[in-house]
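Following: one structure in structure tokens, then a few remarks.
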């Protein structure tokens, strides 16, 4: 009977926490989406960019926005869910029945862990692909030159030349392209030359190609030449391509890993991508540590009342910690601290503080 009762209690806690979390997350995402739509209004009329395009872009960005706001929703959902149980004296009954605060917190944490696992799956699969489609949609609407950006890479057009790059990385204000292909056509649409390059970096008025293979199609033969480097005069601006290349924080772990390898191999500073990689890797641990740290504010209401004030204080501290953590991440990047340490140490310290509190609260 005890075993069954504990399972029912776990379900009760999980149901309250997850319901509050879901409502909070939907509210955050809706507010952010509406704000984003408001910011897009000034760009209506740029090329073929219209309200319909903006709405489609916002819809495609919803998975990414949910991933970003999930930590806040997890904190608030846990506090509101446990707070509701405290207000109805159900937490008091659990404590009177012999459940420790750590045991109750564990049930809430397990519910959040399940939701976090789902959010990580979305963040690694649905969100990057949807964000890429949204970026391609916006870039294609705003510029006639950009054709497509998706799983086949980035496609652009400049005059009679089609440009395809397998992938690109944003380097400061510029862009570096990998596995570049240039398809050159004549005035009647016949393919006359293909240029292959291992990589390309933008310089004013041109792209500097490296590891070049050129294939020229003659009447009855294909002439192939190889060059270590080649300048491609072009007015194709990196800013145009950058709109179709996802920022590091929006890439999945696999894509970040590939970008880091490419940048290291070519002597490009990969700090931003390394930081984003470890931030994603520690994402679920950071969420759980933050939730564990604010759970005591729900228990405080059992002893001294003031449930609303305690929940509000927990939310404020959680949000303050989030921004302090971002500041620590930035400082770590500026001073060259190992990204693993910069991203992993804050949630570890937070979990340690929560563990000390629960140890004393027994």
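Some points to look at:
- For segment 334-362 and segment 87-105, distance of Cα centres in Å: 27 Å
- Projected label distance in nm at residue 327 and residue 222, using a 7 Å step from Cα toward the beta-carbon: 6.0 nm
- R0 of 30 Å, Cβ-Cβ distance residue 117-residue 37: FRET efficiency to nearest 0.05: 0.50
- Residues residue 264 and residue 110, FRET efficiency given R0 of 45 Å [Cβ-Cβ distance, rounded to 0.05]: 0.70
- Cα gyration tensor shape for segment 1-94, rounded if a/c is under 1.5, else prolate or oblate: prolate
- One chain, two ends: residue 229 and residue 125. Fully extended at 0.36 nm per residue, the span grows by 33.8 nm beyond their Cα-Cα distance.
- Highest mean first, the peptides 52-63, 318-329 sorted by other C-beta atoms within 10 Å per residue fall in the order 52-63, 318-329.
- Protection proxy ranking for 336-344, 273-281, using the average of other Cβ atoms within 10 Å per residue and placing the highest first: 273-281, 336-344.
- In terms of packing, defined here as the mean over residues of other Cβ atoms within 10 angstrom, the peptides 213-225, 186-198, 71-83 line up highest first as 71-83, 186-198, 213-225.
- Of 99, 315, 263, the residue with the greatest mean-square motion in the GNM of the chain, using alpha carbon springs below 10 Å, is 99.
- P(r) histogram, all alpha-carbon pairs of the chain included - 20 Å bins from 0, percent: 25, 45, 23, 7, 0
No lab work stands behind these numbers, since they all come straight from the coordinates. Please read all numbers here as calculations on a predicted model, not as lab measurements. Every residue, glycine as well, gets a Cβ built from its backbone with ideal geometry; the counts of neighbours run over all protein chains shown.
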